[in-house]
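All remarks here apply to the structure that follows.
Please treat every number below as a calculation from the coordinates, not as lab data. From a predicted model like this one, the values you see are computed outputs, not experimental measurements. Because the Cβ atoms are built from the backbone with ideal geometry, glycine has one as well, and the counts that use them run over all protein chains shown.
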Amino acid sequence: MSIKAIRAAFAHCAFTGLSRNHLGLQLTELQPAWTAAREDRVHERRTRARIRRPGAGRRPRLTFTDRVMITLVRLRLAIPHAALAVAYGVDRATVTRAVTQIRPLLARRGFATPTGTRLHTLADVFAYAAAEGVTLRLDATEIRVRRPRQGRPGRKAFVSGKLKQNTIKTTVAADHGATLWCGATRLGRMHDVTAARVEGIDALLDAYPDVKLLVDAGYQGLARDHRDQVCAPPLKLRPEAPPEQQTAWEHDRKHQSSQRITVEHTIAELKWWRVLQRFTGRRDLLPEIINAVAGLVSDKSAGLTW
C-alpha cells in the first residue's frame, strides 16, 4: 500500500474521528501556530537570524498535514507509534516528535461554544453561563492509568475508592448538550467535590449568584453549601419510609437525573476516543491529552464542524 493511499485512508473520519470539513478547519487553525513554533525551535537551534528563505533545505519526511493526522489517529484509536511509523515509512522517533508537536496545539485551543467564544478556565465557563443564562451540568469521570511502581511516594493516591482501580479523575462541565470545559484533573483518590473546590468553584458560585448548577450525588456537600444554586439528587430515604414518600422521592430523582443526563452523554463522547478508555502512557501527559480530545469534542457538540 502506497504512502499516498495511507494518507487518504487516515483522512477518513473512521481514523481521525473528525469529518473532512472539521479536519480542514483544524488544519487551517493550527497551521500558523505550528509554523511559528517551528520557526522558534529552528531559531533557538541555530542561534542566529535566518539566512535562507523559508522552505529551503531538506524537506521534512512528514508534512504538517501528516503530523496532524498522525496525532488524531493516535488519540482516536491509540495505535502505537511504531505501527504509525511503519505505515508512513519513517522512524518511530519521527512519529513521537510529530505527536509531541501537535498535541499541545490541540490542548491550548480551549472549548467551543455555540456563540463562537472559546472557553479555557472554569471562570470563563461561569462568566459564559451568566451572560447566556445557561444552566451548567457538572460531573467527574475517571480514566484508568498504569499503577506506579512499588515504593514510589504517593502510589496510593491513584487508587479510586469507587472503581478500586488506579485512575486519574477529570471534571467536565456542559450545558444542555455541549462540552464547555474539562479540567480539575486530579489523582483518583481525590473526591469529586474536593477536586471542584480546589478549582475554586465555591468562589465562582458566590461571584455569579445567578448561575445554576446540576450535579450528581457526589456533590451533596456543594449543594448543601449553595442551596439556591446547586441542585443535587434528593437524599435516599430510609427503608421504613411510607410508600407515598418513596414514590415522591423516585419522581424527584428521575426528574433531576433527566435534566442532568446531558453531561453523561458528554463524558461518553470523550470515552469514544480510545486513548481515554484506558491510558497506558506517561501519566503526566494525560491532562494535556484530555484537553486536546475535549476541545475537538466541543467543536462537534457546539455545531461548528459540519
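Using a simple spin-label model with pseudo-atoms 7 Å out from Cα toward Cβ, residue 82 and residue 228 lie 6.1 nm apart.
In straight Cα distance, which lysines are under 26 Å from residue 164, not counting same-chain residues fewer than 8 positions off? Once the sequence-local lysines are set aside, what remains near residue 164 is 156, 236, 271. Think of segment 3-107 as a dipole: +1 on every Lys or Arg Cβ, -1 on every Asp or Glu Cβ, centred on the Cα centre; then among 3, 71, 42, 42 lies furthest on the positive end.
Given +1 at the Cβ of Lys and Arg, -1 at the Cβ of Asp and Glu and no other charges, the dipole of the chain around its Cα centre is 2520 debye to the nearest 20. Charged side chains reduced to their Cβ positions (Lys and Arg at +1, Asp and Glu at -1) give segment 199-306 a dipole of some 500 debye around its Cα centre.
Count Lys and Arg as plus one, Asp and Glu as minus one, and take only other residues whose Cβ is under 13 Å from that of residue 203; the net charge is then -3. Applying 1/(1 + (r/R0)^6) with R0 = 30 Å to the Cβ-Cβ distance of residue 162 and residue 245 gives a FRET efficiency near 0.60. In segment 122-301, taking the dipole from charged Cβ atoms about the Cα centre, the farthest positive-side position among 200, 123, 187 is held by 187.
Expressed as an acute angle from 0 to 90° and rounded to the nearest 10, what is the orientation of the C-alpha long axis of helix 92-107 relative to the principal long axis of the chain? The answer is roughly 50 degrees.
Take every Cα pair under 8 Å whose residues are at least 6 apart in sequence, average their separation, divide by the length of the chain, and the relative contact order is 22 percent.
For segment 258-275 versus segment 30-90, the inter-centroid distance based on Cα atoms is 32 Å. Most simply put, the chain has about 75% antiparallel DSSP beta bridges, counting only bridges with both residues inside it. Taking the longest Cα principal axis of the chain as reference, the axis of helix 64-77 is set at about 40 degrees.
The residues packed around residue 130, meaning those with a beta-carbon under 13 Å from its beta-carbon, carry a net charge of -4 if Lys and Arg are +1 and Asp and Glu are -1.
In the chain, the longest principal axis of the Cα atoms and the axis of helix 243-271 are about 10 degrees apart. For the pair residue 93 and residue 203, the difference between a 0.36 nm per residue extended length and the Cα-Cα distance amounts to 35.1 nm. Electrostatic bookkeeping for residue 212 treats Lys and Arg as +1 and Asp and Glu as -1; over the other residues with beta carbon under 13 Å from its beta carbon, the sum is -1.
Here segment 122-301 is assigned +1 on the Cβ of each Lys and Arg and -1 on the Cβ of each Asp and Glu. Its dipole about the Cα centre then comes out at about 1560 debye.
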